[in-house]
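No lab work stands behind these numbers, since they all come straight from the coordinates. Nothing here was measured: the structure is a model prediction, and the numbers come from that model. Here Cβ is always computed from backbone atoms with ideal geometry, including for glycine, and neighbour counts include all displayed protein chains.
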Amino acid sequence: MIGPQFSPDFMAQLDLLFRWRRDVRHFDTRPLAAGLLDQLLDQAMHAPSVGYSQPWRFVRVCTPARRNAIIAHVEQENARAASLYEGGQRTAYDALKLHGLKKAPEHLAVFCDIGTATGHHLGRRTMPETLIYSTVIVIHHLWLAARAQQIGLGWVSILDPAKLIELLDIPATWQLVGYLCLGYPAEAADVPELEREGWEKRLDHQHTRLQR
Ligand SMILES: Cc1cc2nc3c(=O)[nH]c(=O)nc-3n(C[C@H](O)[C@H](O)[C@H](O)COP(=O)(O)O)c2cc1C
């Protein structure tokens with residue numbers, strides 16, 4: 001065996017990490033410990049990327065004016081999304097909490113630089129979307145790294161990327177992939193909130209595969 005070997009204890013902990021990673025929408029307002037965000041981003045950057053392009057770009061949104069403008073925009077988009085549901089589904093939608101932007105101490109916008117020269121375009125000719133996939137993976141690495149340090153991450157997608165790009169004054173080749181909240185969670189759960197709220201259930205893996 002080359003490289004580190006992982007002990008049964010570690011494997012059990014890793015399993016817990018997968019099972020207890022949650023999309024977090026309830027935060028306490030305590031700031032992240034000094035240096036922790038840098039440490040998490042450093043870990044996340046070990047994510048794979050097409051052609052080793054590392055196309056992810058992070059924007060830490062700090063100013064109250066920008067944070068508040070984004071919160072107002074998400075609330076507007078959320079109201080628009082709610083209006084698409086009717087009857088019982090509308091009632092159920094209204095009961096969901098779909099972001100923790102107000103309390104989360106950190107807002108992080110994650111972009112993909114589709115114009116990056118890093119990686120010399122290797123692997124991107126046939127599937128240019130792999131740049132975006134690479135950026136999604138870095139977010140997932142960040143998600144797990146954060147959970148391992150008791151930091152919750154919530155992914156907010158009820159927004160218009162063009163509006164975010166305008167509010168954050170972003171370079172032309174950067175495409176928004178995710179808007180994230182990070183902070184100490186106000187609760188822990190091994191079941192997704194949408195499942196606890198009766199919105200959706202976890203699929204059995206047998207139902208998500210075919211054999212050919
Ligand atoms: C691409 C992506 C976008 C998401 N957008 C939102 C969102 O806008 N609001 C929200 O509350 N959750 C959002 N989520 C979180 C999902 O609702 C959550 O992952 C799912 O319900 C399963 O829960 P879990 O992450 O706690 O396992 C998003 C997740 C992903 C992967």
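What the table below lists for this structure:
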item	result
Gain on full stretching of the segment that runs from L122 to V136 - 0.36 nm per residue minus C-alpha separation	3.2 nm
GNM flexibility winner over the chain from V59, V138, V24 (Cα, springs under 10 Å)	V59
Förster-model FRET efficiency, 22 Å R0, T63 and E187, C-beta, rounded to 0.05	0.15
Exposure proxy ranking, count of Cβ atoms within 10 Å, fewest first, for M127, M45	M127, M45
Region 28-122: trypsin sites (Lys or Arg not before Pro) in DSSP coil with no more than 13 other Cβ atoms inside 10 Å	K97, K102
Estimated inter-spin distance, L84 and R212, nm [label 7 Å along Cα→Cβ]	3.0
Length gained when the stretch Q43-A72 is fully extended (0.36 nm per residue, less Cα-Cα span)	7.3 nm
17 Å tail of the calculated P(r), region 28-112, as % of Cα pairs	63
Convex hull of Cα atoms in region 55-212, direction-averaged projection (nm²)	12.5
Distance (nanometres) between label positions extended 7 Å along Cα→Cβ at E195 and F6	2.0
Sites matching GluC sites (Glu not before Pro) across region 119-211 that sit in DSSP coil, with at most 16 neighbouring C-beta atoms within 10 Å	E129, E187, E197, E200
Proximal charge balance of Q54 [Cβ under 15 Å; K/R count +1, D/E count -1]	0
Amide H within-cut-off set for G183, under 5 Å, with H built and near neighbours excluded	G152
Local net charge near F27, Cβ-Cβ under 14 Å (Lys/Arg +1, Asp/Glu -1)	+3
Neighbour-count ranking [beta-carbon atoms within 10 angstrom, fewest first] of H121, H99, H205	H205, H121, H99
Residues A33 and L96, FRET efficiency given R0 of 35 Å [Cβ-Cβ distance, rounded to 0.05]	0.70
Cut-off 14 Å between beta-carbons: net charge of the residues surrounding T118, Lys and Arg +1, Asp and Glu -1	+1
